[in-house]
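Taking it in order: structure first as structure tokens, then the write-up.
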Amino acid sequence: MEKREAYTGVNRRLEEVFSGENPGKPWSQEHLQDFRAAVEILSGGSNTVLVDEWGLPSVMVKISAFRNSDVLKEGTDIVHPAFYAGGEAQEEIYVSKFQNILIDGRGYSLPLRSPAYGMNFEQAVQACRSKGAGWNLSPFALRAAIALEAKKRGFLPHGNSDNCVDFFNREEHGQPGEGNVVRTGSGPVTWSHNNSRDGIYDLTGNLNEWDAGLRLSGGEIQIIPEGLWMEEDCTMGEDCRYWRSITPEGKLTEPGAPDALRYISGGEGILLTTRRDSGRETTGNCAFHKIRAEAGLRIPELLYSLMLYPEETEGGYDGWRWIRSEGECLPLCGGGYRALDHAGIFFVGMTYPRTHRYDLAGFRSVYIARKNER
């Protein structure tokens with residue numbers, strides 16, 4: 001199929017969807033074929049279109065599995081934690097190319113639309129899981145993998161960090177959507193994760209994204225390991241049985257273990273420790289590369305691979321880190337359109353509870369077909 005013909009089919013169906021009375025109507029096979037062909041042609045096959053159980057498409061980017069040694073200077077040859085589902089290593093994960101819009105309460109990755117915003121964590125999870133088997137909220141481990149790979153390549157993506165423009169590169173801008181959020185994928189190629197049109201857009205700026213599988217609980221770092229956040233009985237709720245703490249030896253333990261790693265406000269920044277201090281400020285922040293550890297504390301490889309601690313303290317990263325060592329806090333990642341110099345693919349804010357409807361919060365979905373389902 002010629003690119004011109006593919007574009008014609010895509011544009012025709014997109015206009016029908018968003019100008020019609022029923023945007024949730026399933027796409028015809030003809031329109032889906034045109035849309036998928038256009039996406040795959042333009043991306044050289046690295047992007048595709050996946051359809052959920054409601055017959056509606058999303059543009060997805062395939063991320064092939066790699067090992068810690070591929071992205072960390074001192075990483076071992078174990079598969080990066082992002083590439084697990086239900087306890088099994090996966091060959092690939094499909095992640096939304098764009099921050100998701102909402103159609104009938106479900107999340108979709110489509111170009112040149114105003115992404116959904118102003119939701120809490122539970123709403124973001126539901127918007128992804130309600131799409132059917134294999135769909136879920138994008139995990140924090142995958143963001144870490146993508147960010148570390150970008151750093152290894154020597155390119156950190158730009159984005160909408162100052163009201164439709166990039167704070168550091170004022171000539172870069174996207175198409176305004178609602179408010180100062182830009183339309184999905186409307187920025188230059190530098191706003192994609194790999195500096196190319198086939199990349200993942202807006203991982204830096206525009207909206208903070210809720211991510212799955214990570215939280216702070218009273219400052220204690222807790223994860224849902226081995227892709228178990230994909231399990232049907234894994235609610236990711238506050239009392240979910242899958243949450244685990246991390247020790248300095250890299251072992252996973254039940255939450256509340258005395259040697260569990262945690263963040264506290266460390267004077268002018270964030271300190272990694274196992275101490276349970278009282279009388280300190282509950283909120284801390286600093287540039288990601290300036291997080292420091294208690295003297296003599298061992299840093300497990302797991303923390304490096306999940307970008308919970310910088311492998312290199314001299315720099316080479318972007319974005320700030322915010323923590324609150326009181327209550328349960330879920331990650332909001334990337335920084336929003338008013339984050340200014342704090343935005344970045346390594347930006348993570350863990351200061352809000354799962355129930356907080358933050359006006360700068362959006363999300364993106366992922367799809368994983370397990371080996372026995374292919």
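The values are calculated or read from the model by the stated rules, or taken from the named source; none is laboratory data. Because the structure is a prediction, the values reported are computed rather than measured. Backbone-built Cβ (ideal geometry, glycine too); neighbour counts: all protein chains shown. To get the accessible areas, we keep the full protein, side chains included, count just its heavy atoms, and leave off ligands, DNA and RNA. Shrake-Rupley method; radii C 1.70, N 1.55, O 1.52, S 1.80 Å.
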Pairs with Cβ under 6 Å, 6+ apart, first in region 247-260 and under 20 Å from ASP277 (Cβ atoms) and small (Gly, Ala, Ser), second open to solvent by less than 80 Å² (accessible area, probe 1.4 Å) and modelled with pLDDT of 95 or more: ALA257/SER245; ALA260/GLU220; ALA260/SER245
Every pair of residues 6+ apart whose Cβ atoms lie under 7 Å, when the first sits in region 156-173 and is over 16 Å from SER192 (Cβ atoms) while the second is of a type in the set (S, T, N, Q) and open to solvent by less than 20 Å² (accessible area, probe 1.4 Å): PHE167/SER161
Residue check, ASP277 at pLDDT 95 or above and either open to solvent by 10 Å² or more (accessible area, probe 1.4 Å) or in contact with a Leu (Cβ under 6 Å, 6 or more places away or on another chain) (or both): no
Scan of region 211-230 for residues that are on the phi < 0 side of the Ramachandran plot and out of contact with any helix residue (DSSP H, G or I) (no Cβ under 6 Å at 6 or more places or on another chain), ordered by number: ARG215, LEU216, SER217, GLU220, ILE221, GLN222, ILE223, ILE224, PRO225, LEU228, TRP229, MET230
Some residue of region 352-360 being in a strand (DSSP E or B), modelled with pLDDT of 95 or more and surrounded by fewer than 24 Cβ atoms within 10 Å (Cβ to Cβ): yes
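Per-residue answers, yes or no, for (1) small (Gly, Ala, Ser); (2) crowded, with 21+ Cβ neighbours inside 10 Å:
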residue: PRO225; (1), (2): no, no
residue: TRP229; (1), (2): no, yes
residue: ALA260; (1), (2): yes, yes
residue: PHE288; (1), (2): no, yes
residue: SER305; (1), (2): yes, yes
Selection count where residues are polar (S, T, N, Q), open to solvent by 10 Å² or more (accessible area, probe 1.4 Å) and closer than 11 Å to ASN206 by Cβ, scope region 164-184: 1
Meets criteria (at pLDDT 95 or above and part of a strand (DSSP E or B)) for TYR94: yes
Check on THR313, free of Cβ contacts under 8 Å to residues at least 60 places away in the same chain and touching an Asp or Glu at 6+ places or on another chain (Cβ under 7 Å): no
Hits in region 325-351 (condition: open to solvent by 40 Å² or more (accessible area, probe 1.4 Å), over 21 Å from LEU271 (Cα atoms) and outside any helix (DSSP H, G or I)): ARG338
Selection from region 109-146 of residues that are of a type in the set (D, E, K, R) and within 13 Å of the chain's Cα centre (by Cα): ARG143
In region 76-97, the residues that are touching a strand residue (DSSP E or B) at 6+ places or on another chain (Cβ under 8 Å) and surrounded by fewer than 18 Cβ atoms within 10 Å (Cβ to Cβ): THR76, ASP77, ILE78, VAL79, ALA89, GLU91, GLU92
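Select the strands (runs of 3 or more DSSP E) contained entirely in region 252-300, then report the ones holding at least 2 residues which are of a type in the set (A, V, I, L, M, F, W, C). Full working, then the answer.
Values: elements: 262-266, 269-273, 283-287.
In region 252-300, the matching strands (runs of 3 or more DSSP E) lie at 269-273, 283-287.
Go through region 253-287 residue by residue and tally those that are aliphatic (A, V, I, L, M) and over 29 Å from ASP318 (Cβ atoms). Step through it out loud before you land on a result.
Initially, region 253-287 is screened for residues aliphatic (A, V, I, L, M), giving 257, 260-261, 264, 270-272, 287.
Subset that is over 29 Å from ASP318 (Cβ atoms): 257.
Result for region 253-287: 1.
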Condition met for ARG321 (part of a strand (DSSP E or B), of a type in the set (D, E, K, R) and either surrounded by 19 or more Cβ atoms within 10 Å (Cβ to Cβ) or at pLDDT 95 or above (or both)): yes
Selected residue (only one of GLU220, GLU238 is open to solvent by 30 Å² or more (accessible area, probe 1.4 Å), within 21 Å of PRO353 (Cβ to Cβ) and touching a strand residue (DSSP E or B) at 6+ places or on another chain (Cβ under 7 Å)): GLU238
Members of region 169-212 found to be touching a Leu at 6+ places or on another chain (Cβ under 6 Å) and among the charged types (D, E, K, R), listed by number: ARG183
Of all residues making up region 172-216, the number that are over 17 Å from the mean Cα position of the chain (by Cα) and of a type in the set (Ser, Thr, Tyr): 3
Pick from region 23-71, criterion among the acidic types (Asp, Glu) and in a loop (DSSP other than H, G, I, E, B), ranking: least open to solvent (accessible area, probe 1.4 Å): ASP52
Close pairs (9 angstrom Cβ cut-off, 6 or more residues apart or separate chains): over 24 Å from TRP191 (Cβ atoms) in region 103-115, among the acidic types (Asp, Glu) anywhere: ARG106/ASP52
Residue count for region 135-171, restricted to those that are farther than 16 Å from GLY213 by Cβ and small (Gly, Ala, Ser): 4
